[in-house]
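S.K.: Take this structure, written in structure tokens, and hold onto it; I'll ask about it next.
Derivation of every value follows stated rules applied to the coordinates shown; laboratory data play no part. Keep in mind the model is a prediction, meaning the values are calculated, not measured.
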Amino acid sequence: MPARTRMILIAAAAFVAIVFFQPLLTFLGGILVIAVAATLIFRDLPQDTQDMIEGHINGWIGRARSGFWPSDSSAPRRGSTSARARVIEAELDDDDYEEEAPAPKPKPRARRPRAKKTPSASGSNTSS
């Protein structure tokens, strides 16, 4: 690779690092400082206030998660599933309760001593 191309690539990489990484690291550092300060403040609050804040945060998390995972009330009813789905589900339920016999233990392998190599057995000496 010519030196000029290498210099252009290094300059472009430095530019990208300055443009994108500096704001990213500044943002992450700011978030870290805010999280540490909030933790220290939260630690010094009375217990009932901590419980109230925890309830609010759990509510926010619950509302955020409600769009991703269906709750039990929105799950499909047993009667609304197709016959094929009920058969498959019954087969899966039956498989859970079956007990299988344990696998047999493997037989120990017979250990054979290795044959020692001798110079005459290797065939490297061919003097006749």
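S.K.: Average the reciprocal distances over every distinct pair of alpha-carbons in the range 1-70, invert the result, and give the Kirkwood radius in Å.
M.R.: Hydrodynamic radius (Kirkwood, Cα only) of the range 1-70 equals 16.4 Å.
S.K.: Output wanted: per-residue J couplings in Hz (rounded whole) for the range 35-49, from phi through Karplus 6.51 cos²θ - 1.76 cosθ + 1.60, θ = phi - 60°, x for Gly and Pro.
M.R.: Here the 3J(HN,Hα) series is 5, 5, 4, 5, 5, 5, 5, 4, 5, 8, 6, x, 4, 5, 5 Hz.
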